[in-house]
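Asks: Following this message is one structure expressed as structure tokens.
The values are calculated or read from the model by the stated rules, or taken from the named source; none is laboratory data. In this text the structure is predicted, and so the values were computed from the model without any measurement. Cβ atoms come from the backbone with ideal geometry, glycine included; neighbour counts cover every protein chain shown. Areas reflect the complete protein model, heavy atoms only, side chains present, ligands, DNA and RNA absent. Shrake-Rupley method; radii C 1.70, N 1.55, O 1.52, S 1.80 Å.
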Amino acid sequence: MKCTEVRIFLSQLYDRAEPITPVPPADLEYLSANGYVLTVTKDDYEKRANDVARLSQIITQIDTEKTRKAQAQAALQQDLRKEHSFLFHLEGKEKEDELRERIHEETAAVSSEESALISMEAKVNELIQEKSMVDRMVAYDGGYLSLTGLGTLVFNDLSVRSYRVADHEFPDFTAEIKATYAELRSIADKTAAYVSWVRPQVPEIEDLENSENGDSGNGAEARSLLWSTGIGLAKLQGNTTQIGQRFIEALSALRTFDSTLPNKLMAAEIMAALSSQDVQILGATLRNLDEQLRHQGVPKEQSAGVAATIMAGRRFDGTYPIGRFSQFKHLTKSSEAASILAIMNVPIDGLSSKFQQFRSLFNSWGYTTSEDTEISSAFLGIGELNPDEVEEKLKYVIEQLQNYLQYPIVAAAILASIPVFEAHEVLDLMEKAVTLLNGYATGLERSELVAIAVRMIHGVRNEIVKEIDPTAKITETPVQFTYGPHPLFFWYYPVIIAHGSYHSTFSGMGGFHPAHSHGVGGFAG
């Protein structure tokens with residue numbers, strides 16, 4: 001059963017386009033058994049239709065019962081007030097007994113009316129759902145079929161993804177979708193655990209959340225940073241307790257750095273990811289790189305993040321791409337963009353040309369060259385798609401993200417550069433991640449949820465890394481990046497600004513964070 005065949009069949013049910021083109025009985029049985037399609041006999045359909053026909057009658061009965069209940073409650077309240085009045089106790093025992101008996105009967109009547117109402121309202125809700133199902137039913141082979149709620153979800157997923165799954169077997173497609181959702185939920189579960197654990201370990205975050213200066217943006221920034229950091233940690237493979245402890249140890253080693261908290265959080269994530277190396281040694285290496293980069297004009301606010309990027313690009317001979325960074329720094333004023341470009345093991349001329357093409361593309365759309373355009377151009381530059389291949393996709397994603405983000409181009413660049421997803425599918429997956437995170441990250445605005453959702457999803461396939469190191473050894477000792485859409489730097493997540501607030505910031509406010517680094521540990525030698 002191919003996905004195309006299933007999509008066509010489900011679309012007919014969705015549109016109620018009779019007559020329905022028949023499918024093999026085994027296929028229909030599979031769709032029914034797995035809850036995508038409801039099959040009923042003609043007699044069952046007629047019974048359901050007759051039940052639904054009673055809906056208006058029951059609604060009328062409910063109105064009548066509500067009136068009776070209101071009258072019974074009014075009579076009961078009047079008698080209760082009389083029972084508690086001073087004059088009532090002067091009327092004699094016979095009157096008192098009579099009133100109490102009436103109150104007992106009125107209380108029972110109100111309770112009975114309440115039970116009847118609850119029962120009828122439950123029946124109405126049941127019939128409303130039944131009516132929805134009956135209204136969607138279409139005649140088929142002597143019986144009736146209807147698309148279920150699950151079937152509608154799968155139909156929507158098929159419609160969005162039909163461009164790449166048309167010839168796939170439908171069970172394989174549903175297995176892929178379930179695995180993707182399970183992966184997202186696993187990341188969300190781990191993130192929530194890290195957030196609960198990291199918050200009290202990082203006083204600066206609690207200080208922002210509890211800020212008394214009246215600036216509610218501080219609390220929002222703290223929550224967003226915390227969740228972004230949690231997602232980065234959640235995507236690391238390994239024991240969560242050990243990862244969390246390594247992260248806190250790394251952050252402690254960064255206390256004396258002059259960079260901003262977001263930069264330090266980013267650098268600590270990278271150090272946590274490089275699990276084959278001692279944190280204290282990494283801290284000393286980072287300090288040395290930080291000093292070298294400061295001498296090259298990298299602002300102290302950003303230097304820890306840029307240095308961590310360079311550290312992540314360690315070659316197998318133990319050296320770091322400082323020289324390449326210097327060359328790219330002549331091409332862009334953005335230290336962050338230069339660091340992204342510097343650690344890719346591709347010829348400088350070709351990468352520089354591609355970077356400039358994307359910069360020119362943004363300029364042609366009316367964007368002034370800025371930190372956002374430079375970082376976006378760097379991410380697109382190290383991606384697999386050329387400007388002519390990604391231009392329309394990028395433009396569409398930017399248009400859609402403008403509904404949520406004030407400055408959407410970096411997020412759009414990340415999403416558009418995923419080569420195996422068409423624009424509609426990557427946006428659909430982002431929306432699903434937003435919906436999922438909304439149940440976990442309470443207190444975040446939708447724009448903030450979008451920002452961290454982008455970080456959550458920008459990894460879609462397995463890939464063997466062959467471009468990180470400049471030596472032939474890399475092909476003999478490949479590193480597995482699970483769901484990594486491009487070697488190394490699609491596990492980083494740069495600035496995304498949502499209506500004036502930075503989330504997982506880069507630029508002058510902070511540093512970009514590792515976002516998807518399954519299996520990264522030890523890649524640097």
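Asks: Got at least one residue in segment 232-241 being among the small types (Gly, Ala, Ser), free of Cβ contacts under 8 Å to residues at least 40 places away in the same chain and buried (at least 21 other Cβ atoms within 10 Å of the Cβ)?
Replies: no
Asks: Answer yes if at least one residue in segment 75-82 is closer than 30 Å to Pro24 by Cα and either crowded, with 16+ Cβ neighbours inside 10 Å or within 42 Å of the chain's Cα centre (by Cα) (or both), and no otherwise.
Replies: no
Asks: Sticking with this one: Looking at this structure, is Arg287 surrounded by fewer than 24 Cβ atoms within 10 Å (Cβ to Cβ), outside any loop (DSSP other than H, G, I, E, B) and basic (Lys, Arg)?
Replies: yes
Asks: Six or more apart or on different chains, Cβ atoms under 9 Å: show the pairs whose first residue is in segment 57-68 and at positive phi and whose second is part of a helix (DSSP H, G or I).
Replies: If the second residue must be part of a helix (DSSP H, G or I), no pairs are left.
Asks: Separate question: Could you name every one of the helices (runs of 4 or more DSSP H) located completely within segment 366-427 that has at least 2 residues being crowded, with 22+ Cβ neighbours inside 10 Å and either touching a residue at least 40 places away in the same chain (Cβ under 8 Å) or at positive phi (or both)?
Replies: Result: 371-381, 409-416.
Asks: Next question. For segment 202-211, give me the residue count where each residue is modelled with pLDDT of 75 or more and not in a helix (DSSP H, G or I).
Replies: Of the residues in segment 202-211, 1 are modelled with pLDDT of 75 or more and not in a helix (DSSP H, G or I).
Asks: Turning to a different aspect of this structure: Restricting to segment 318-335, and then to whatever is touching a residue at least 24 places away in the same chain (Cβ under 8 Å) and of a type in the set (Val, Ile, Thr), can you tell me which residue is nearest to Gln356 (Cα to Cα)?
Replies: Thr332
Asks: I would also like to ask the following. Write out, first by first residue and then by second, each pair whose Cβ atoms fall under 8 Å of each other, whose residues are 6+ apart or on separate chains, and whose first residue, in segment 120-144, is among the polar types (S, T, N, Q) while the second is open to solvent by 30 Å² or more (accessible area, probe 1.4 Å) and at pLDDT 85 or above.
Replies: Every condition considered, no pair remains.
Asks: Which of the following residues is touching a residue at least 24 places away in the same chain (Cβ under 8 Å), open to solvent by 50 Å² or more (accessible area, probe 1.4 Å) and β-branched (Val, Ile, Thr): Thr148, Thr107?
Replies: Thr107
Asks: Taking Leu158, is it farther than 30 Å from Glu425 by Cβ, open to solvent by less than 70 Å² (accessible area, probe 1.4 Å) and not in a strand (DSSP E or B)?
Replies: Judged against the criteria, Leu158 is not a match.
Asks: Now for a separate question. Among Leu251, Leu261, which is the only one that is free of Cβ contacts under 8 Å to residues at least 60 places away in the same chain and either among the charged types (D, E, K, R) or surrounded by 15 or more Cβ atoms within 10 Å (Cβ to Cβ) (or both)?
Replies: Unique residue meeting the criteria: Leu251.
Asks: For segment 135-155, what are the residues that are in a helix (DSSP H, G or I) and among the charged types (D, E, K, R)?
Replies: Across segment 135-155, the qualifying residues are Asp135, Arg136.
Asks: Report yes if Thr332 is open to solvent by less than 40 Å² (accessible area, probe 1.4 Å) and assigned to a loop (DSSP other than H, G, I, E, B), otherwise no.
Replies: It is true that Thr332 is open to solvent by less than 40 Å² (accessible area, probe 1.4 Å) and assigned to a loop (DSSP other than H, G, I, E, B).
Asks: Out of Thr148, Thr152, report the one residue that is under 23 Å from the mean Cα position of the chain (by Cα) and under 15 Å from Arg16 (Cα atoms).
Replies: Answer to the check: Thr152.
Asks: May I ask you to say which residue of Arg223, Arg199, Arg185 is modelled with pLDDT under 85 and either within 24 Å of Arg446 (Cβ to Cβ) or loosely packed, with under 14 Cβ neighbours inside 10 Å (or both)?
Replies: It is Arg223.
Rundown of residues vs (1) touching a helix residue (DSSP H, G or I) at 6+ places or on another chain (Cβ under 9 Å); (2) under 23 Å from Ala451 (Cα atoms), yes/no style:
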position: Ile231; (1), (2): yes, yes
position: Gln242; (1), (2): no, no
position: Val279; (1), (2): yes, no
position: Ala307; (1), (2): yes, no
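Asks: On to the next question. What pairs come out if I take residues in segment 169-194 that are farther than 17 Å from Asn239 by Cα and pair them with residues that are modelled with pLDDT under 90 whose C-beta lies under 7 Å away, six or more apart or interchain?
Replies: Glu169/Met1; Phe170/Met1; Phe173/Val165; Leu184/Met456
Asks: Given Asp189, Asp172, Asp167, which one is outside any helix (DSSP H, G or I) and among the charged types (D, E, K, R)?
Replies: Asp167 is the lone residue from the list that is outside any helix (DSSP H, G or I) and among the charged types (D, E, K, R).
Asks: Output the number of residues of segment 50-60 satisfying the condition of being in contact with a helix residue (DSSP H, G or I) (Cβ under 6 Å, 6 or more places away or on another chain) and either outside any helix (DSSP H, G or I) or under 30 Å from Ala108 (Cβ atoms) (or both).
Replies: Residues meeting the conditions: 2.
Asks: Have a look at Lys69, Lys47 and point out the one that is assigned to a helix (DSSP H, G or I), open to solvent by 50 Å² or more (accessible area, probe 1.4 Å) and basic (Lys, Arg).
Replies: Testing whether each residue is assigned to a helix (DSSP H, G or I), open to solvent by 50 Å² or more (accessible area, probe 1.4 Å) and basic (Lys, Arg) leaves just Lys47.
Asks: Tell me yes or no: at least one residue of segment 306-314 is in contact with a Lys or Arg (Cβ under 9 Å, 6 or more places away or on another chain) and among the hydroxyl-bearing types (Ser, Thr, Tyr).
Replies: Checking segment 306-314: not a single residue is in contact with a Lys or Arg (Cβ under 9 Å, 6 or more places away or on another chain) and among the hydroxyl-bearing types (Ser, Thr, Tyr).
Asks: Taking Lys123 as meeting all but one of (1) at pLDDT below 80; (2) open to solvent by 60 Å² or more (accessible area, probe 1.4 Å), write down the number of the exception.
Replies: (1)
Asks: Further question: Select from segment 264-284 the residues that are of a type in the set (D, E, K, R) and outside any loop (DSSP other than H, G, I, E, B) and write down the one among them that is most open to solvent (accessible area, probe 1.4 Å).
Replies: Among those residues, the one meeting the criterion is Lys264.
Asks: Go through (1) touching a Ser or Thr at 6+ places or on another chain (Cβ under 6 Å); (2) of a type in the set (Gly, Ala, Ser); (3) modelled with pLDDT under 85 for Gly214 and report which single condition fails.
Replies: With (1) touching a Ser or Thr at 6+ places or on another chain (Cβ under 6 Å); (2) of a type in the set (Gly, Ala, Ser); (3) modelled with pLDDT under 85 applied to Gly214, the lone miss is (1).
Asks: Taking only segment 346-365 into account, find how many residues are open to solvent by less than 50 Å² (accessible area, probe 1.4 Å) and not in a helix (DSSP H, G or I).
Replies: Of the residues in segment 346-365, 1 are open to solvent by less than 50 Å² (accessible area, probe 1.4 Å) and not in a helix (DSSP H, G or I).
Asks: To continue, here is another question. Evaluate the following for Lys432: is it in contact with a Ser or Thr (Cβ under 9 Å, 6 or more places away or on another chain) and either of a type outside the set (Ser, Thr, Tyr) or open to solvent by 60 Å² or more (accessible area, probe 1.4 Å) (or both)?
Replies: For Lys432, the condition - in contact with a Ser or Thr (Cβ under 9 Å, 6 or more places away or on another chain) and either of a type outside the set (Ser, Thr, Tyr) or open to solvent by 60 Å² or more (accessible area, probe 1.4 Å) (or both) - is met.
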